[in-house]
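Engineer: Questions regarding the structure given below will be posed in turn.
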Amino acid sequence: MNKLKEPVYVTRPLLPDVNDLYLEIQEIIESKWITNHGQKHNLLESKLEKVLKVPNASVFNNGSIALLTALKTLDLPRGSDVITTPFTFAATPHCISWNGLKPVFCDIEADTMTINAEKIEKLITPNTSAILPVHVYGFPCDVEKIDEIAEKYGLKVIYDAAHAFSTEINGKPIGNFGDVTMFSFHATKLYNTIEGGCLTYNNNELKEKIYNLRNFGIKNEEEVVDIGINGKMNEFQASIGLLNLKLFKKEQMERLKIKNLYIEHLSGIENIRIPKMPKNVTDSCQYFPIVIEDHFPLTRDQIYDKLKKCNILTRKYFYPICSDYRPYTNLKSSSVANLPLANAVKHKVLCLPYYGDLNSEIIVEICDILKSFSKIPLKILAN
Ligand SMILES: Cc1ncc(COP(=O)(O)O)c(C=O)c1O
């Protein structure tokens with residue numbers, strides 16, 4: 001295995017043409033309006049409503065503040081429980097905790113690694129106020145079952161769709177499920193505004209509340225009506241967002257080609273599983289995770305280290321899982337007995353490099369390296 005001259009990263013940000021960006025910035029500078037619900041901010045919101053096919057989209061300076069605000073908007077009783085998944089990024093349980101709520105971890109599905117809807121019901125108590133599922137890697141949660149449970153027990157549902165930009169389930173856009181959905185527009189996401197995010201929701205009555213909460217709770221020059229925060233997206237972020245809206249579909253097409261190439265070259269390898277997007281779902285193309293099963297000659301960590309030595313930088317995404325984080329280890333729901341699948345998968349999953357202009361020769365090289373690992377005799381590994 002030769003070390004590649006340049007590092008191959010797990011992702012690269014989608015970026016607009018510098019001349020197009022220059023024109024956008026020129027307009028901002030001339031307007032002298034650089035933040036606080038500017039023209040580009042407002043235009044981005046209306047364009048996102050069309051692209052995501054949702055009645056309401058409110059943009060934020062990042063996805064975490066958007067998620068914090070979503071939870072605050074729904075007025076969940078302080079100290080109540082929010083059922084969520086441990087197989088997610090730190091922001092998901094942290095936003096629950098920052099709202100004075102308690103995360104309760106629920107195990108995941110083997111195939112899609114999303115929250116196991118069947119197990120949610122067993123975790124519900126009189127103290128449960130909401131469910132916060134994550135469409136991890138763009139795999140949609142079992143939205144029908146989750147909606148059914150929420151209705152039965154009178155719970156709110158906030159979806160974390162940080163990985164699922166533009167995903168549709170049976171033709172229904174993903175931002176239409178639950179009470180509120182959060183999208184992240186961080187640089188590592190398929191569609192980015194450098195840092196950024198948005199909330200989508202069907203209930204028009206939430207619009208004013210979200211607007212106020214995003215701006216310190218200020219309703220007008222003389223009234224502060226809520227304990228808000230500064231969640232405003234500035235005009236520079238919004239202009240990147242407007243330009244990237246024109247580019248993300250092409251990026252998705254390129255990523256789909258890459259995914260197919262990976263599948264073509266990896267599918268014969270025993271004990272490497274490629275989680276499949278269900279047929280009725282449009283793929284956001286956010287990540288390309290593989291699962292290294294127990295009988296593969298090398299462990300996920302050994303593969304990660306060996307690829308790193310070749311300058312191929314994969315991600316153990318998600319390892320550790322949130323129930324392993326110090327603030328959460330004492331929770332009853334963090335026990336391994338409660339989360340057997342999440343605790344097994346965290347040692348097996350690996351996200352491979354995945355972005356539009358990733359060279360196909362490099363993809364084949366990565367697959368060839370993995371193929372060569374699959375031929376290592378198990379007894380050599382034991383030494
Ligand atoms: C699943 C998930 N939720 C929330 C976030 C937080 O979003 P942001 O980085 O925009 O604050 C991220 C990623 O960054 C994420 O991957």
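The values are calculated or read from the model by the stated rules, or taken from the named source; none is laboratory data. Not measured: the values here are computed from a predicted model. Backbone-built Cβ (ideal geometry, glycine too); neighbour counts: all protein chains shown. Calculation scope for accessible area: heavy atoms of the full protein, side chains included, ligands and nucleic acids excluded. Shrake-Rupley method; radii C 1.70, N 1.55, O 1.52, S 1.80 Å.
Engineer: Using modelled amide H (1.01 Å from N, peptide plane; none on Pro or chain starts), what sits under 5 Å from the amide H of Leu339, excluding residues fewer than 5 places away?
Structural biologist: Result for Leu339 returns nothing.
Engineer: Once you place label points 7 Å from the Cα toward the Cβ at Ser335 and Leu43, how far apart are they in nm?
Structural biologist: Taking the simple label geometry, Ser335 and Leu43 are separated by 5.7 nm.
Engineer: Here's another thing I want to ask about it. Return the carbon/sulfur percentage of the accessible area of segment 248-382, one whole number, probe 1.4 Å, all protein chains in place. Write down the numbers at each step before the final one.
Structural biologist: Values: 3740 of 6880 Å².
That share works out to 54 percent.
Engineer: Something else about it: Within 14 Å, Cβ to Cβ, of Leu43, how many net charges do the neighbouring residues add up to if Lys/Arg are +1 and Asp/Glu are -1?
Structural biologist: Within the 14 Å Cβ shell, the charges total -1.
Engineer: Take the alpha carbon atoms of segment 49-93, find their center, do the same for segment 243-272, and report the distance between the two centers in whole angstrom.
Structural biologist: For segment 49-93 versus segment 243-272, the Cα centre distance is 28 Å.
Engineer: Now for a different question. Using the Cα gyration tensor of segment 243-383, with a ≥ b ≥ c the square roots of its eigenvalues, what is the shape: rounded (a/c below 1.5), prolate (a/b larger than b/c) or oblate (neither)?
Structural biologist: Taking the square roots of the gyration eigenvalues as a ≥ b ≥ c, segment 243-383 is oblate.
Engineer: How much area per residue is accessible in segment 151-260 when the probe is 1.4 Å and only protein heavy atoms are counted (Å²)?
Structural biologist: Heavy-atom accessible area per residue stands at 44 Å².
Engineer: Here is a further query. Considering only the other residues whose Cβ falls under 12 Å of the Cβ of Lys207, what net charge follows from Lys and Arg at +1 and Asp and Glu at -1?
Structural biologist: Cβ neighbours under 12 Å give a net charge of -2.
Engineer: Let me ask something else about it. Antiparallel versus total DSSP beta bridges in the chain: what percent is that, nearest 5?
Structural biologist: Percentage antiparallel, nearest 5: 60.
Engineer: Here's a follow-up. Under 1.5 on a/c is rounded, so check that first for the chain, then, if it is not, pick prolate when a/b is larger than b/c and oblate when it is not; a ≥ b ≥ c are the square roots of the alpha carbon gyration tensor eigenvalues.
Structural biologist: Cα axes put the chain in the oblate bin.
Engineer: Would you tell me the accessible area of Met253, worked out with a 1.4 angstrom probe on the heavy atoms of the protein chains, in Å² to the nearest 10?
Structural biologist: Met253 exposes around 110 Å² with every protein chain in place.
Engineer: Picking from Ile369, Ile120, Ile96, which is most flexible by a Gaussian network model of the chain using Cα springs under 10 Å?
Structural biologist: In this elastic network of the chain, the residue with the biggest mean-square fluctuation among Ile369, Ile120, Ile96 is Ile369.
Engineer: Under 10 Å, Cα contacts only: if you run a Gaussian network model on the chain, which one of Tyr211, Tyr137, Tyr191 comes out with the highest mean-square fluctuation?
Structural biologist: For the chain, modelled as a Gaussian network with Cα springs under 10 Å, the answer is Tyr211.
Engineer: Quick one: among Arg12, Arg326, Arg300, which has the greatest mean-square fluctuation in a GNM of the chain with alpha-carbon springs under 10 angstrom?
Structural biologist: Arg326
Engineer: Which of the aspartates and glutamates could be linked to Lys375 by a straight reach, that is with a Cα gap under 14 Å, when you skip same-chain ones fewer than 8 residues away?
Structural biologist: Answer for Lys375, where 14 Å is the Cα cut-off: Glu270, listed by chain and number.
Engineer: Next question, about the same structure. With every protein chain in place, what's the accessible area of Thr73 (1.4 Å probe, Å², nearest 10)?
Structural biologist: The accessible area comes out at roughly 10 Å².
Engineer: How much of the accessible area of segment 51-174, probe 1.4 Å, is carbon plus sulfur, in whole percent?
Structural biologist: Percent of accessible area from carbon and sulfur atoms in segment 51-174: 50.
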